[in-house]
1. From the set of residues in the stretch 358-369 that are assigned to a loop (DSSP other than H, G, I, E, B) and in contact with a helix residue (DSSP H, G or I) (Cβ under 7 Å, 6 or more places away or on another chain), which is farthest from residue 336 (Cα to Cα)?
2. Could you tell me which of the residues 58, 127 is surrounded by 10 or more Cβ atoms within 10 Å (Cβ to Cβ), touching a helix residue (DSSP H, G or I) at 6+ places or on another chain (Cβ under 7 Å) and at pLDDT 75 or above?
3. Where residues in the stretch 370-385 are surrounded by fewer than 24 Cβ atoms within 10 Å (Cβ to Cβ) and not in a helix (DSSP H, G or I), which of them is modelled with the highest pLDDT?
4. So residue 231 passes all but one of these: (1) in contact with a helix residue (DSSP H, G or I) (Cβ under 8 Å, 6 or more places away or on another chain); (2) assigned to a helix (DSSP H, G or I). Which condition number does it fail?
5. How many residues are farther than 30 Å from residue 197 by Cα, touching a residue at least 12 places away in the same chain (Cβ under 8 Å) and loosely packed, with under 15 Cβ neighbours inside 10 Å when one looks only at the stretch 1-19?
6. Return the total of residues in the stretch 266-285 being at pLDDT below 70 and surrounded by 13 or more Cβ atoms within 10 Å (Cβ to Cβ).
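The values are calculated or read from the model by the stated rules, or taken from the named source; none is laboratory data. It should be emphasised that the depicted structure is a prediction, and the values quoted were computed from it without experimental measurement. Quick reminder, even Gly has a Cβ in these numbers, built from the backbone with ideal geometry, and neighbours come from all protein chains shown.
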């Protein structure tokens, strides 16, 4: 059953129980009131009936019925109110002798209750219920003493009370049925209107289950409980949609990463295979002519090229392993590291490789952070090597290591052509190169490794173009290490 139907039925059931309890209690109280009135009427009629019976038996002058005289104390004079005042005479009455157990006088009626012959008179009066001997009608009987030796019995049928109570049951039943019908119809429409937002949410959920994650439920407001539920669902849907989008982006990056890694690994493997084939052909004696026309292949050149390609593939694999380790959510080794010393070492290595290129270091003071020395060294070296690789020969490179408040920064600026918008957007992507044909050196992992090391240390790497030309790469780390520099001092580079 639907929630609306269950609530309606529950409401009707509770209302029915309440009306039933109310009807039973009302019926009992009203029936008690009606029987109390009947008993009061019988009690008030007892003395009047005794007077009527005495008048029939003795006469008003005391010589009726064979000249019998009434017992002492029996009412023989006129009864006050016998001309219509006072209570209504009982439907049935009887006068009995308390001593001889015989009926002294009985008024004649068409119907009469069944009274035991051995009925004894109570001292103050008593009530009981009995049936009629002819038609089975129920009678209410009251017995009261009239004199010391006689008592009067009065009875009235309970048909009027029963009819009144039956009418009460009919009225209560009809009213309860009408009330339940109106309550059922009204609650159905009220619940239908109140639960309509939940039905809309269910429809929205079905659409979302079908794959439409952009769909949102309504209402979504903090005013009502249903609105709060809609707000919570929409918030959850936003997070789910974002998670699915991130999953899709991650899968796309993974597929691209695998494709690029396969491409980069295939290149040196192809070269190694080719040089190995040349070496095999040369060793078998069938030597093709060399490009120089000497008529043979220099095996030393072949071995050197195989070694170079092997080193290139080894470096690529090591870079991939380093990126994989950086992707793991594990804490890095923490020790005080002076970024100024690492920047000086990177500048010295670059000068050793290209003595014609002017490289300057601006490091007025030690810049100490907590981190992994080897990873930080590789990050700064990659930035300097990237500047050397992508700028014309002889163009200057400027390296700085500075403190700016609570942030340590290392900047590498070149004076090359700078970065175009596409390069600024993808400079730190893995396997991305400005040269889409991949002509040149490297696999496009250097800056990606720098970004990974920066994230490992809670820092960041940014790329920008300098106002007067050239590109600027800046590493920033939180300054969370003691200011005391390590023992090794920075090496000045001119």
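1. The initial filter retains those residues of the stretch 358-369 that are assigned to a loop (DSSP other than H, G, I, E, B), namely 358, 363-367.
Checking which are in contact with a helix residue (DSSP H, G or I) (Cβ under 7 Å, 6 or more places away or on another chain) leaves us with 363, 366-367.
Numbers: 363: 17, 366: 11, 367: 10 Å.
Step by step, filter the stretch 358-369, then rank; the result is 363.
2. Working: 58 fails: at pLDDT 75 or above.
Being surrounded by 10 or more Cβ atoms within 10 Å (Cβ to Cβ), touching a helix residue (DSSP H, G or I) at 6+ places or on another chain (Cβ under 7 Å) and at pLDDT 75 or above holds for just one of 58, 127, which is 127.
3. For the stretch 370-385, the residue satisfying everything is 370.
4. Result: residue 231 passes all but (1).
5. At the first step, the residues of the stretch 1-19 found to be farther than 30 Å from residue 197 by Cα are 17-19.
Next cut, touching a residue at least 12 places away in the same chain (Cβ under 8 Å) only: 19.
The next check asks that each one be loosely packed, with under 15 Cβ neighbours inside 10 Å; those that pass are none.
Residues that pass the stated criteria total 0.
6. Initial filter on the stretch 266-285 (at pLDDT below 70): 267, 282-285.
Among the residues that remain, those that are also surrounded by 13 or more Cβ atoms within 10 Å (Cβ to Cβ) are: 267, 282.
Of the residues in the stretch 266-285, 2 are at pLDDT below 70 and surrounded by 13 or more Cβ atoms within 10 Å (Cβ to Cβ).
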